[in-house]
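The values are calculated or read from the model by the stated rules, or taken from the named source; none is laboratory data. Computed from a prediction, not measured in an experiment: that's the story for all the values here. Every residue, glycine as well, gets a Cβ built from its backbone with ideal geometry; the counts of neighbours run over all protein chains shown.
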Amino acid sequence: MHVAPVGGTAVQDHVALAEIELCGELIIAASAAQERLSLESIDEVLKVAEERATSGS
């Protein structure tokens, strides 16, 4: 078994971390909802409209 050394050698995948955070937001929203989340609700949780506005699409 190989154990990573203690210290600053960890590599961070910022895309993966962002995806994990978004999944967490969806899980929280789904658990608080009384019914299934609509596509519009999912887009709101994921801030799709904000991302489109900042990317110019």
**Prompt:** Name the pairs whose Cβ atoms lie under 8 Å apart, with the first residue in region 29-57 and touching a residue at least 12 places away in the same chain (Cβ under 8 Å) and within 20 Å of Ala18 (Cα to Cα), the second among the acidic types (Asp, Glu) and surrounded by 10 or more Cβ atoms within 10 Å (Cβ to Cβ), and 6 or more positions between them or separate chains?
**Reply:** Val45/Glu25; Leu46/Glu25
**Asked** How many residues are of a type in the set (Asp, Glu) and under 9 Å from the mean Cα position of the chain (by Cα) if we restrict to region 10-46?
**Response** 3
**Message:** Take the conditions modelled with pLDDT of 90 or more and either aliphatic (A, V, I, L, M) or out of contact with any Pro (no Cβ under 9 Å at 6 or more places or on another chain) (or both) and apply them to Ala32. Does it pass?
**Reply:** yes
**Request:** Among what's in region 35-57 and is assigned to a loop (DSSP other than H, G, I, E, B) and of a type in the set (S, T, N, Q), pick the residue that is surrounded by the most Cβ atoms within 10 Å (Cβ to Cβ).
**Result:** Ser38
